[in-house]
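Written out below as structure tokens is the structure these notes cover.
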Amino acid sequence: MKILDFVLNLFFKKNNVTSNKEVANESCKKNNNSVLSDEELYRNNSFNFFQQLDKNIINQDIIELYGEGTLITPNGRSRYGHVKIKLSLSTKNKSEIIWNISGEEIPNNYRTSIIESAKRFIVFFECHRKDLKKVTIEIIGGSSHPTDSDFLAFELAMRNAIYNSFDKRLHQPNLNRLFNKKIKEPMKWVNYKKKK
């Protein structure tokens, strides 16, 4: 390990290249207070995602918005994500995410991606809401693809659904390419009586 470090140091010095480690050390020495906490980085990321949303809508007395988001890329690395949501002011003292669909519409393993995007929006909403009211995000629909769905597709589809709920021009879902999965109906049992 020491030999590798020695060789790398020689390379960087010879070519006047600064290693990432040296840059990190220098930036910490310059201003130790400038290092952002995980919470601040998360908040900045949230603000970047949703900066273009209308702050006037966020501060309305009554909010009931519906949105639908897709991320469907057919060429190259195929991706598929589709989410429908309802946004409203929370009746409780906290923001919440309500999962109101079955695992057949969107498999449970993609919940974490959808919830991650929803949490980013909650951070943004709570920072811009002047009266400190909270928001409820309800996932009311969606669909998945057996091979093309992945975590990133659902995270971005959720973000797009939020865009769509605020302004249809920010995101227009690609509804022509939706994958229609046939949901199995439960088997009906009929009492069968043998004729005599």
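Brief remarks follow.
- Residue match in the range 101-110 (condition: crowded, with 16+ Cβ neighbours inside 10 Å, at positive phi and either in a loop (DSSP other than H, G, I, E, B) or not β-branched (Val, Ile, Thr) (or both)): no
- Residue 85 falls short on exactly one of the conditions (1) modelled with pLDDT of 95 or more; (2) in contact with a Gly (Cβ under 7 Å, 6 or more places away or on another chain); (3) within 13 Å of residue 156 (Cα to Cα), and that condition is (3).
- Residue in the range 118-157 that is most open to solvent (accessible area, probe 1.4 Å), counting only those that are more than 21 Å from residue 92 (Cα to Cα) and part of a helix (DSSP H, G or I): 151
- Test set (1) within 22 Å of residue 149 (Cα to Cα); (2) open to solvent by 50 Å² or more (accessible area, probe 1.4 Å); (3) modelled with pLDDT of 90 or more - residue 67 fails condition number: (2)
- Residue in the range 158-175 that is outside any loop (DSSP other than H, G, I, E, B) and modelled with pLDDT under 90 present: yes
The values are calculated or read from the model by the stated rules, or taken from the named source; none is laboratory data. Note that this is a predicted model, so its numbers are computed, not measured. Note that we place each Cβ from the backbone using ideal geometry, even for glycine, and neighbour counts take in every protein chain shown. Quick note on the areas: whole protein, heavy atoms, side chains included, nothing else; ligands and nucleic acids left out. Shrake-Rupley method; radii C 1.70, N 1.55, O 1.52, S 1.80 Å.
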